[in-house]
Every structure is written in structure tokens, then in C-alpha cells.
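What follows is a short report on a single structure.
The values are calculated or read from the model by the stated rules, or taken from the named source; none is laboratory data. Since the structure is predicted, the reported quantities are computational estimates derived from the model, not experimental observations. Cβ placement follows ideal geometry from the backbone for every residue including glycine, while neighbour counts extend to all protein chains displayed. These area figures cover heavy atoms from the full protein model, side chains too; ligands, DNA and RNA do not enter into them. Shrake-Rupley method; radii C 1.70, N 1.55, O 1.52, S 1.80 Å.
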Amino acid sequence: MDETKENDVKVPRVLYVCGGNQGRSVLCHYITLLHHAPCHHVMSAGLYADQVDPWPDKQAVIILGKHAPCNSILSHTPTQLTPEVIESVNPDYILLATRSQECAVNAVSLPNSILIQSKLCKHGHHHA
């Protein structure tokens, strides 16, 4: 992804991560496109996407399938999170839901290369 700027403001690159890249991360990905495109470069991936059915969750399709650009969710294929995916996205933010996902993302990412944002603060304290 390139370093596109909108009105001289750097456009953040965001990577959403969930388990299979079929539900939560896909919903976040396409909702961001729906409400903030082109203000964000966005992608989604899953920690075990290579082990799931190759299509998005039915509820995600029902929720987003009627909204452009979200109608492309119908052709979404789960993406396995790998170091190469992280490197190609070069995200400013990786957004995820659980501490175990945070640990798994840290295990596949390059040290000090990205900011990981989750429900947990840097030192493991829950946000209020």
C-alpha cells in the first residue's frame, strides 16, 4: 500500500485481525470502507484463515451485502495473517479483539515495526 495523503494528512493504514477472517475483521474492514473510504487504507486477515471455509460469514454478508463498496464482501476470501501480509500492508494500526489475538499477532509480526491496538492498554490494563 502506498503513502497516499488526503489534503496533506497521512492516510492511516489499518489491518483488522480476527480468528478466521470471515466475521469480525471482515465487518470492520467493510464498515471502514463504507464510512471512511478513502480516508483509510484498510485490510483484514485471520489468525487461522487457512483452516476455514473460503467465504465470509453469512451474517456479515446479510449486514453489508447491500451497501457499496461493501457488496464486494460477497467475493471476499479469508486471508491468512502472515509476516508477509503484515509487511505488505505496513499498517499504522492493527486492530483486534482479544489478548490471545494480540499475543498471536506479536508472534508473527516484526518487533517494533507496528502499533498494535486492542481493548488492552500497553501494560495490560483494561480501558475504562
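Some notes on this structure:
- Applying 0.36 nm per residue to the separation of LEU74 and ALA107 and subtracting their alpha-carbon distance, the gain on full extension is 8.8 nm.
- Largest first, the residues TYR48, TYR30, TYR93 sort by 1.4 Å accessible area into TYR48, TYR93, TYR30.
- Counting 0.36 nm for each residue step from SER100 to LYS66 and taking away their Cα separation leaves a gain of 8.9 nm.
- Area accessible to solvent at HIS36, 1.4 Å probe radius, in Å²: 90 Å²
- Between the amide H of SER44 and those of TYR16, distances stay under 5 Å, these residues lying 5 or more places away or on another chain, with hydrogens modeled in the peptide plane.
- With a cut-off of 17 Å on the backbone N, the residues of the range 17-33 near the modelled label site 7 Å out from LYS58 along Cα-Cβ are 22-24.
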